[in-house]
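Shown next, in structure tokens, is the structure this report addresses.
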Amino acid sequence: MERELSFVEAICEATDQEMGRDRNVVLFGLGVDDPKHIQGTTKGLPEKYGAERVFDTPLSEDAMTGVAVGMAWAGLRPIHVHIRMDFALLAANQLVNMAAKSYYMFGGKLNVPMVVRGMIGKSWGQGPQHSQALYSMFAHVPGLKVVAPTTPHDAKGCLIAAIRDDNPVLYVEHRMLHFQKGPVPEAMYEVAPGSARVTAEGADLTMVGISYMQLECLRARHELAAVGIEAEVIDPIWLAPLDLDTVVRSVRKTRRLLVVDNDWAYCGVGASLVAAVAEALSGEVGIQYRCLGFQPTTCPTSPTLEEAFYPNPASIAAGAHEMVRGDSTWRPPRRAYPETISFRGPF
Amino acid sequence: MPPTSSRESRGAGLPARDPARTGPPDPETCYRLLLLIRTVEEEIARVYPSDVIKSPVHLSIGQEAVAVAVCMALRLEDVVFGTYRGHAAYLAKGGDLDRMIAELYGKNTGCAGGKGGSMHLVDVEHGVMGTSAVVATTIPEALGMAMAFQYRREPRVVVSFFGDGATEEGVFFETLNVAALRKAPLIFLCENNSYAIHTHLHQRQAQSDICRKAEAMGVPAFRFESDDVETVYARIAGAAARLRADPFAGPCFFEAPTCRWREHVGPGEDFHLGYRTADDVRRCQANDALKKAAGRLTEIRRAVIEREVLGAVARAFERAAAAPFPEAGTLLDDVYKEV
Ligand SMILES: Cc1ncc(C[n+]2csc(CCOP(=O)(O)OP(=O)(O)O)c2C)c(N)n1
Ligand SMILES: [Mg+2]
């Protein structure tokens with residue numbers, strides 16, 4: 001039996017192992033040494049590595065992001081944690097104007113090896129300002145890498161790869177995935193930038209699920225299997241750079257691409273993926289494309305509205321079914337899944 | 001825009017208070033407001049485990065006195081900007097009780113139609129501007145509104161409430177600077193409860209004298225020794241009168257010590273986390289403004305007010321529970337204002 005860890009434990013182990021291996025890795029952010037340890041992802045690290053390497057910050061996201069850039073220029077490898085992705089907006093100037101551009105703008109003289117961890121919320125009324133994904137905004141900017149692992153295995157491998165990367169990497173964590181458990185090797189390993197994974201095989205359509213929508217796509221696949229539709233599911237893992245080839249190969253086979261983004265679809269990573277695949281297959285006729293994402297509005301707090309805001313396994317399966325069978329009336333039941341039940345406030 | 005009339009109205013059938021009072025704060029109003037806020041938040045804490053409120057709540061139990069003292073010195077047409085820990089300022093300024101509870105319940109009848117929740121309360125008619133979940137974000141909005149009032153020569157005062165943690169953000173300093181530069185009719189009000197989540201002020205600020213920061217940016221500052229309602233009220237009433245008399249009188253800054261009795265977010269206590277002790281909080285509880293306010297009234301008056309407040313709160317929760325959830329079909333309403 002392979003050893004199992006939770007997503008949270010996998011992040012913690014990756015950080016621990018990298019800090020143990022490389023004295024240049026430092027970890028900071030609001031609450032990293034807090035009694036709640038950022039959901040457990042920094043547990044034990046303040047004690048093990050001391051307050052000079054693991055430290056809390058004041059509420060100063062903008063400055064601390066610039067601090068990370070300066071540290072990186074001096075050869076450190078900072079990890080800056082935001083308990084919510086929404087707060088990375090206060091760091092946007094430093095991320096977009098400095099971290100992303102530094103290496104290019106200074107003629108290859110100053111690269112920025114830093115990791116920014118940002119958490120996406122959902123459910124329990126996280127609402128307008130505590131639920132945003134925003135990764136598409138950052139993936140838009142050349143010079144930034146963006147990764148959104150969905151399993152404990154990839155949580156560890158991607159974080160190690162991000163820390164070792166010589167460029168700024170936005171590491172996207174979905175709070176609903178923190179609950180997942182799965183096999184995680186003890187040894188150190190990298191899940192390298194630009195490596196997508198086929199997570200389930202099928203011949204009838206290709207579903208690409210980004211971040212938490214990967215899990216929802218696998219659930220939708222289950223619903224579809226019950227009516228005889230075999231969906232292939234792909235986890236892109238890295239959103240910038242994107243592994244286009246794996247998706248193109250699959251779509252060439254299935255002739256149908258449904259991308260489910262965990263972000264607003266317009267100008268999003270999902271829409272870009274659809275466009276890129278369509279371009280790559282532009283000589284071929286009869287391929288269907290579709291992109292689902294958040295409804296084009298602010299995330300509402302009220303549970304009834306929030307339910308309508310996000311794609312879910314039933315709505316994803318219904319969309320896929322329509323693509324395969326041309327019938328838009330079929331819809332599987334909306335089921336309750338363990339993490340949405342166990343995810344309760346306060347926070 | 002908030003209305004310019006000075007007609008005083010209060011939510012939930014609570015009687016009006018005299019908005020233009022000078023002299024010491026009316027003890028009955030003071031007790032009523034303190035009791036209202038405490039009762040509402042204790043009821044929130046009580047029902048929270050049943051999941052009728054499915055969103056984060058940041059309670060101000062123990063911190064009510066500052067909001068009450070400040071808001072009693074304001075008029076209906078004055079405006080307050082609060083934070084995600086905004087129940088006290090909302091209610092003290094006269095925000096509608098029924099609509100607040102319905103908002104927490106995610107209901108159609110909520111002050112934001114259920115779209116905002118506890119962290120985004122709003123009651124424009126009563127001068128409560130929408131609150132933000134992102135620390136320090138509404139400090140510049142308060143300045144913007146003060147500058148608009150100044151521009152139109154409206155004798156209206158804006159108060160920006162924020163916590164000690166907010167004084168670490170860049171936007172705090174930027175706003176202080178511009179407010180001083182523009183001599184804006186704005187009152188900065190820092191509710192210093194010593195903590196940002198679980199981290200003490202001294203672990204976050206090398207120079208933790210917050211008033212000195214304000215003064216360094218050119219804004220005169222005053223630190224209250226305690227959250228005593230009468231003292232805070234008198235100072236704020238004076239400052240407000242000065243700003244109403246002269247829209248170019250310039251901003252002022254107040255820091256009030258206060259104490260959060262419950263956990264940072266959620267209904268419970270959090271002494272098990274070890275960042276502070278139960279004794280720390282017990283010391284604050286010995287100075288409970290609500291108890292002091294109760295002591296200033298006769299038993300009969302107190303009983304009348306209690307019955308009134310408890311009844312209003314109970315009705316607000318009943319109405320919220322009975323109200324409908326928003327229809328899924330309204331999800332895309334209000335993304336843009338359509339003409
Ligand atoms: C910009 C930003 N950074 C971090 C957070 C997370 N956070 C929420 S409340 C809080 C503490 C704020 O402390 P303070 O301003 O003193 O207000 P209090 O909660 O004590 O009322 C933090 C860090 C946030 N909401 N916004
Ligand atoms: Mg505080």
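Could I have the simple spin-label model distance between A:Ala275 and B:Asp280, label points 7 Å from Cα toward Cβ, reported in nm to one decimal?
About 5.1 nm, to one decimal.
If one computes P(r) from the Cα atoms of the range A:77-139, what percent of pairs lie at distances over 15 Å?
Values: 1095 of 1953 pairs.
Above the 15 Å cut-off, the range A:77-139 has 56 percent of its Cα pairs.
What figure, in Å² to the nearest 10, do you get for the accessible area of B:Val134 with a 1.4 Å probe and non-protein molecules left out?
Probe radius 1.4 Å; accessible area of B:Val134 about 20 Å².
Find, among the trypsin sites (Lys or Arg not before Pro) in the range A:99-162, those assigned to loop by DSSP (not H, G, I, E, B) with at most 14 other beta-carbon atoms within 10 angstrom.
Numbers: sites: A:Lys101, A:Lys109, A:Arg117, A:Lys122, A:Lys145, A:Lys156; in loops: A:Lys101, A:Lys109, A:Lys122.
Taking the range A:99-162 and a limit of 14 other Cβ atoms within 10 Å, the loop trypsin sites (Lys or Arg not before Pro) found are A:Lys109.
Find the eigenvalues of the gyration tensor of the Cα atoms of the range B:214-339, then list the square roots of 5 times those eigenvalues as equivalent ellipsoid semi-axes, largest first, in whole angstrom.
The equivalent ellipsoid of the range B:214-339 has semi-axes of 32, 29, 22 Å.
Using a 10 Å cut-off around each Cβ of peptide A:118-130, what is the average number of partner chain Cβ atoms that fall inside? Don't jump to the answer; show the numbers that get you there.
Working: counts 0, 0, 0, 1, 0, 2, 6, 12, 5, 11, 9, 8, 7.
Counting Cβ atoms of other protein chains within 10 Å of each residue's Cβ and averaging gives 5.
Where in the range B:193-220 does the label zone of B:Phe248 land, with the point 7 angstrom along Cα→C-beta and an amide N cut-off under 20 Å?
Once the point is set 7 Å along Cα→Cβ of B:Phe248, B:218-220 turn out to lie under 20 Å by backbone N, inside the range B:193-220.
What is the distance, in nm, between label points placed 7 Å from the Cα along the Cα-to-Cβ direction at A:Met105 and at B:Glu215?
Reported label-point gap for A:Met105 and B:Glu215 is 3.8 nm.
Could you tell me which residue out of B:Ala146, B:Val135, B:Tyr336 lies farthest along the dipole of the protein assembly as shown toward its positive end? Charges go on the beta carbon: Lys and Arg +1, Asp and Glu -1, centred on the Cα centre.
Farthest along the dipole direction, towards plus: B:Ala146.
Report ³J(HN,Hα) in whole Hz for each residue of the range A:54-66, in order, from the Karplus equation J = 6.51 cos²θ - 1.76 cosθ + 1.60 where θ = phi - 60°; Gly and Pro get x.
The phi angles translate into 10, 9, 6, 10, x, 6, 8, 4, 4, 4, 5, 6, x Hz.
A:Asp245 to B:Ala241: FRET efficiency via 1/(1 + (r/R0)^6), r the Cβ-Cβ distance, R0 51 Å, to the nearest 0.05?
Numbers: r = 71 Å, r/R0 = 1.40.
Computed FRET efficiency for A:Asp245 and B:Ala241: 0.10.
Determine the relative contact order of chain B: mean sequence separation of Cα pairs under 8 Å and six or more apart, normalised by residue count, in whole percent. Write down the numbers at each step before the final one.
Working: 658 pairs, mean separation 78.4, N = 339.
RCO, chain B: 23 percent.
According to a simple spin-label model (label point 7 Å from Cα along Cα-to-Cβ), what is the distance in nm between A:Met1 and B:Arg296?
Here the answer is 6.6 nm between the modelled labels.
Based on the Kirkwood radius over alpha-carbon pairs, what value in µm²/s does the Stokes-Einstein equation return for the translational diffusion coefficient of the protein assembly as shown at 4 °C and 1.567 mPa s?
Estimated diffusion coefficient is 48 µm²/s.
Relative contact order of the range A:197-325: what whole-number percent is it, with Cα pairs under 8 angstrom and at least 6 residues apart? Intermediate values should be presented prior to the final figure.
On the way: 236 pairs, mean separation 38.0, N = 129.
That works out to 29 percent.
Setting aside same-chain residues fewer than 8 positions from A:Lys122, which aspartates and glutamates have a Cα under 17 Å from its Cα?
Within the straight-line cut-off, A:Lys122 pairs with A:Asp86, A:Glu173, A:Glu216, A:Asp261, A:Asp263, A:Glu306, A:Glu307, A:Glu339, B:Asp51.
Could you pull out every one of the lysines with an alpha carbon less than 20 Å from that of B:Lys213, ignoring same-chain neighbours closer than 8 positions?
B:Lys183
Taking R0 as 41 Å, what's the FRET efficiency between B:Val335 and A:Val227 from their Cβ-Cβ distance, rounded to 0.05? Don't skip to the answer; put the middle values down first.
Details: r = 35 Å, r/R0 = 0.85.
With R0 = 41 Å, the Cβ-Cβ based efficiency is 0.75.
Please give the per residue volume of the convex hull enclosing the alpha carbon atoms of the range B:27-324, rounded to a whole number of Å³.
On the way: hull volume 35.3 nm³, N = 298.
Once divided by residue count, the hull of the range B:27-324 is 119 Å³.
Checking buried surface per residue: for the range B:166-215, which residues lose a minimum of 40 Å² accessible area in the protein assembly relative to the chain alone (1.4 Å probe)?
B:Glu168, B:Glu169, B:His198
How about A:Lys109: which lysines have a C-alpha closer than 27 Å to its C-alpha, ignoring those fewer than 8 places off in the same chain?
Hits, sequence-local ones excluded: A:Lys101, A:Lys145.
Under the rule of at least 5 residues apart or a separate chain, name every residue whose amide H is placed under 5 Å from the amide H of B:Ser132.
Distant-sequence amide H within range of B:Ser132: B:Tyr84.
Taking each residue in A:292-304, count the Cβ atoms of any other chain within 10 Å of its Cβ, then average. What number comes out? Please report the intermediate quantities before stating the final value.
Details: counts 0, 0, 0, 3, 3, 7, 5, 1, 11, 16, 18, 8, 11.
The per-residue average across the peptide is 6.
Kirkwood Rh over Cα pairs of chain A into Stokes-Einstein at 37 °C, 0.692 mPa s: D in µm²/s? If you can, show how the numbers build up before the last one.
On the way: Rh = 20.5 Å.
Stokes-Einstein gives a translational diffusion coefficient of 160 µm²/s.
Going by a ≥ b ≥ c, the root eigenvalues of the Cα gyration tensor, does the range B:25-103 fall in the rounded group (a/c under 1.5), the prolate group (a/b larger than b/c) or the oblate group? All intermediate terms of the calculation are to be shown ahead of the outcome.
On the way: a/c = 2.14, a/b = 1.68, b/c = 1.27.
It is prolate, given that a/c is not under 1.5 and a/b is the larger ratio.
On a C-alpha basis, how far is the centre of the range A:152-223 from the centre of the range B:122-180 in Å? Whole number, if you could?
With the range A:152-223 and the range B:122-180 each reduced to a Cα centre, they are spaced 42 Å.
For the peptides A:38-44, B:31-37, what is the packing order when you average, over each peptide's residues, the other Cβ atoms within 10 Å and list the highest mean first? Don't skip to the answer; put the middle values down first.
Numbers: A:38-44: 20.3, B:31-37: 26.0.
Put in order of decreasing packing, that is B:31-37, A:38-44.
Apply the Karplus curve 6.51 cos²θ - 1.76 cosθ + 1.60, θ = phi - 60°, to the phi angles in the range A:148-165 and return the couplings in whole Hz, x for Gly and Pro.
9, x, 10, 10, x, 4, 6, 4, 6, x, 6, 5, 4, 4, 5, 5, 7, 5
For chain B, list the cysteines whose Cβ sits under 4.7 Å from no other cysteine Cβ?
Cysteines lacking a close Cβ partner in chain B: B:Cys30, B:Cys71, B:Cys111, B:Cys190, B:Cys211, B:Cys252.
To the nearest 20 debye, what charge dipole does the range A:197-325 have about its Cα centre, counting +1 at the Cβ of each Lys and Arg and -1 at the Cβ of each Asp and Glu? Could the numbers behind the result be given before it?
Values: 10 positive and 16 negative charges, 58 e Å.
Charge dipole, the range A:197-325, about its Cα centre: 280 debye, nearest 20.
With equal scatterers on the alpha carbons only and no solvent term, can you work out the Debye log10 of I(q)/I(0) for the range A:108-215 at 0.10, 0.14, 0.22, 0.23 1/Å?
-0.32, -0.63, -1.31, -1.37
Taking 0.36 nm per residue of separation and subtracting the Cα-Cα distance, what length does fully extending B:Glu42 through B:Asn108 add?
On the way: separation 66, 0.36 × 66 = 23.76 nm, distance 2.32 nm.
Between B:Glu42 and B:Asn108, full extension yields 21.4 nm more.
Projecting each Cα onto the charge dipole of chain B (Lys/Arg +1, Asp/Glu -1 at the beta carbon, about the Cα centre), which of B:Ile61, B:Ala245, B:Met72 comes out farthest on the positive side?
After comparing all options, I get B:Ala245.
Run the numbers for A:Thr340 and A:Tyr266: contour at 0.36 nm per residue of separation, minus the present Cα-Cα distance, in nm. Intermediate values should be presented prior to the final figure.
On the way: separation 74, 0.36 × 74 = 26.64 nm, distance 2.60 nm.
Length gained, A:Thr340 through A:Tyr266: 24.0 nm.
Suppose every K and R has +1 on its Cβ and every D and E has -1 on its Cβ; what is the size of the dipole of the protein assembly as shown about the Cα centre, in Debye to the nearest 20?
Details: 72 positive and 84 negative charges, 169 e Å.
That gives the protein assembly as shown a dipole magnitude of about 820 debye.
Would you mind telling me the antiparallel percentage of the DSSP bridges in chain B, rounded to 5?
Details: 3 of 23 bridges.
Close to 15 percent.
Can you list the GluC sites (Glu not before Pro) in the range B:224-301 that are in a DSSP coil and have 10 or fewer other beta carbons within 10 angstrom? Numbers along the way, then the final one.
Numbers: sites: B:Glu225, B:Glu230, B:Glu255, B:Glu263, B:Glu269, B:Glu299; in loops: B:Glu225, B:Glu263, B:Glu269.
In loop regions of the range B:224-301 (DSSP not H, G, I, E or B), the sparsely surrounded GluC sites (Glu not before Pro) are B:Glu225.
Go through A:158-166, A:60-68 and give me the packing order, highest mean Cβ count within 10 Å leading.
Working: A:158-166: 23.3, A:60-68: 20.7.
For the peptides A:158-166, A:60-68, the packing ranking is A:158-166, A:60-68.
I'd like the mean, over residues of B:324-333, of how many other protein chain beta carbons sit within 10 Å of each residue's own Cβ. Intermediate results must be reported in sequence, preceding the final value.
Working: counts 1, 5, 6, 3, 6, 2, 5, 12, 6, 2.
What the average comes to for B:324-333 is 5.
Could you give the dipole magnitude of the range A:1-160 about its Cα centre, charging the beta-carbon of Lys and Arg +1 and that of Asp and Glu -1, in debye to the nearest 20? Display every interim value, and only then the final one.
Numbers: 15 positive and 16 negative charges, 82 e Å.
Around 400 debye, computed over the range A:1-160.
Based on Cα coordinates alone, diagonalise the gyration tensor for the range A:197-325, multiply each eigenvalue by 5, take square roots, and list the semi-axes in whole Å, largest first. Before the final figure, lay out the partial values.
Details: eigenvalues 100, 60, 32 Å².
Taking √(5λ) for each Cα gyration eigenvalue gives 22, 17, 13 Å.
In the range A:4-183, what is the volume of the convex hull around the alpha carbon atoms, normalised per residue and reported in Å³?
On the way: hull volume 18.9 nm³, N = 180.
For the range A:4-183, the hull spanned by Cα atoms encloses 105 Å³ per residue.
The values are calculated or read from the model by the stated rules, or taken from the named source; none is laboratory data. A quick note: this is a predicted structure, and the numbers were derived from the prediction, not measured. No Cβ is skipped: glycine too gets one built from the backbone with ideal geometry, and neighbour counts run over all protein chains shown. Heads up: the accessible areas ignore ligands, DNA and RNA and are worked out on the full protein's heavy atoms, side chains in. Shrake-Rupley method; radii C 1.70, N 1.55, O 1.52, S 1.80 Å.
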